[in-house]
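To keep things clear, I will list the structure first and then write my remarks on it.
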Amino acid sequence: MSKDMKFLVVDDFSTMRRIIKNLLNDLGYQNVTEADDGKTALPILQQGGIDFLITDWNMPGMPGLDLLKAVRADSKLAKLPVLMLTAEAKREQIIEAAQAGVSGYVIKPFTAETLKEKLDKILAAPAK
Amino acid sequence: MSESQLKAQYGARVTTLLAAYDRGDEVAFLAVLDDMLHTRRPALFGELRELTCNLQVALDRFRVDSRLADLAEKDIPDARLRLAHVLKMTDEAAHRTLDLVEQSGPPAERTVKSAEKLLQSWQQFRARQIELRAFHEMLKGMDAFLPAAQADCELVRRNLAEVLLTQGYQDLTGQIIRGVMQLVEELEITLSGLTRLSGADASLAQQAERQTSGHGPAVPGVTQGAVASGQQDVDALLSGLGM
């Protein structure tokens, strides 16, 4: 995957979207789109062109887990890499996300190194 | 019912009933008895309706009272702990930001001062007015300035990146504050339910339907169940699941 790949960052807090966007820019990824919950993210994903989804879990409207399930259930999006970046730290939730097909799980607060490490790992993995 | 009302309503029929009884007239006796029961039935239904209504009110009051007890004993102290955690997080984030800004001041200042000093010699050099000794001084200055400026600017850049990350507290505290706001809303509904018992049912049912969208950040001493203590814990868990 090249640095031209397009990210969609979904979080209900604009400060967090800004932080993630800045970190992605620092890593050389300049093509970043934003959405504030699953409901607004899904149409953007369905339009096509997004190469990587980073989503929060706890959002009003459509939570991140529902968005992940919707992505995996859509044949056109099923293989999209999805990184869950969330404050949800209960073990049962992490397992639930893994079972729903999440590609990576980072808990907040996080560091730039952790985000980079998970992105690299997901991008290096062969597509399932 | 007063004595005169009782006599007016039932007196004549009791007399007729007793007369039929004395005569051994079964048909007349039963007819009067049926008539008396028929008169009494609406009053019985009325009393039954009132009793049911009272029971409903008592049940509603019990439901509201027990939710109120829950709120007072568990949810309100939890909310206090949550808000204390918010206070701690905002305090830490503000101090971390201030630390980073303060740390960035001296290297930025150093770079400005050194550049100012070199600029003077540089302008003399460009105007071909520099003396040989000053030229050598400038070269020595440049040798020192370039790596120092690189290191100082790198430090400032790193600090700025960390200032940016530190602002992430707003997301976490925002989620906790939203949870407390929902609690306050529920408290409001429950309290108003005490005065308007009939309206309490629907609102309480609505509150119970919550918590499908996640629990928000873990709060020490409040969040129950197994919680990942950090990213390493998450990675270990996922690796255990074959990821």
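Here is how the numbers come out for the structure above:
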read-out	value
Total residues in segment B:210-243, condition among the hydroxyl-bearing types (S, T, Y) and more than 26 Å from the chain's Cα centre (by Cα)	1
Residue in segment B:152-163 that is among the β-branched types (V, I, T), within 14 Å of chain A (Cβ to nearest Cβ), closer than 30 Å to B:H85 by Cβ and crowded, with 18+ Cβ neighbours inside 10 Å present	no
Test: residue in segment A:26-35 that is assigned to a helix (DSSP H, G or I), modelled with pLDDT under 95 and either within 14 Å of another protein chain (Cβ to nearest Cβ) or out of contact with any Phe, Trp or Tyr (no Cβ under 7 Å at 6 or more places or on another chain) (or both)	yes
Sole residue being of a type outside the set (D, E) and closer than 25 Å to B:H215 by Cα, chosen from A:Q47, A:Q30, A:Q99	A:Q99
Options B:A84, B:A19, B:A69, B:A31; residue that is over 23 Å from B:R196 (Cα atoms) and within 25 Å of the chain's Cα centre (by Cα)	B:A84
Residues of segment A:57-87 satisfying the condition of being at the interface with chain B (Cβ under 8 Å from one of its Cβ atoms) and assigned to a loop (DSSP other than H, G, I, E, B)	A:W57, A:N58, A:M59, A:P60, A:P63, A:A87
Some residue of segment B:78-95 being of a type outside the set (A, V, I, L, M), in contact with an Asp or Glu (Cβ under 9 Å, 6 or more places away or on another chain) and in a helix (DSSP H, G or I)	no
One residue from A:K90, A:K108, A:K118 being touching a strand residue (DSSP E or B) at 6+ places or on another chain (Cβ under 7 Å), within 13 Å of chain B (Cβ to nearest Cβ) and surrounded by fewer than 19 Cβ atoms within 10 Å (Cβ to Cβ)	A:K90
Subset of segment A:94-103 (residues that are facing chain B (nearest Cβ under 8 Å) and within 30 Å of B:V163 (Cβ to Cβ))	A:I94
Qualifying residue in segment B:38-49 (condition: in contact with a helix residue (DSSP H, G or I) (Cβ under 9 Å, 6 or more places away or on another chain) and part of a helix (DSSP H, G or I))	yes
A:R17 vs. criteria charged (D, E, K, R) and either in contact (Cβ under 8 Å) with a residue 24 or more places away in the chain or at the interface with chain B (Cβ under 8 Å from one of its Cβ atoms) (or both)	no
Any helices (runs of 4 or more DSSP H) falling wholly within segment B:138-243 and containing at least 2 residues that are modelled with pLDDT under 85	B:169-195, B:197-208
Search result, residues across segment A:67-87 that are surrounded by fewer than 17 Cβ atoms within 10 Å (Cβ to Cβ) and under 20 Å from B:G240 (Cα atoms)	none
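The values are calculated or read from the model by the stated rules, or taken from the named source; none is laboratory data. Note that the coordinates shown come from a computational prediction; the quantities given were computed from them, not determined experimentally. Heads up, the Cβs are rebuilt from the backbone with ideal geometry, glycines too, and the neighbour counts pull from every protein chain shown.
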